[in-house]
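The values are calculated or read from the model by the stated rules, or taken from the named source; none is laboratory data. Everything numeric in this text was worked out from a predicted model, so none of it was measured. As a convention, Cβ positions derive from the backbone with ideal geometry for all residues, glycine included, and neighbour counts pool all protein chains shown.
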Amino acid sequence: MSDKEKQFREMNIVTYFMHMVSDSTIASSRRFITLISFLVLMLISLVDLFTEFTPTQFVYDGLFYVVVAGFGAGTVEKFSKKTVEPPVENKQ
């Protein structure tokens, strides 16, 4: 694979990741934290399922509440009605 192909492939991954955690062009730290918390929660669940390791309940509950609050806030934000303010006229 040439250097140009590697740059193009890396750029597409970065672009995809930025679109995944942002709304239009503004990156959202809340969405990023929710996504990371969700991935950690799934990892803990898989480790608990296949091994004898059991996480403490307050860690699991804390991550669960972060994920639920993040996804809930994202859903409310996505479907809430946005008001459009009328343009302000300059009087000079």
Return the residues of region 29-66 that are of a type outside the set (D, E) and outside any helix (DSSP H, G or I); say none if nothing qualifies.
T51, F53, T54, P55, T56
Name every residue in region 68-92 that is modelled with pLDDT of 75 or more, among the aliphatic types (A, V, I, L, M) and either part of a loop (DSSP other than H, G, I, E, B) or surrounded by 10 or more Cβ atoms within 10 Å (Cβ to Cβ) (or both), in order of residue number.
V68, A69, A73
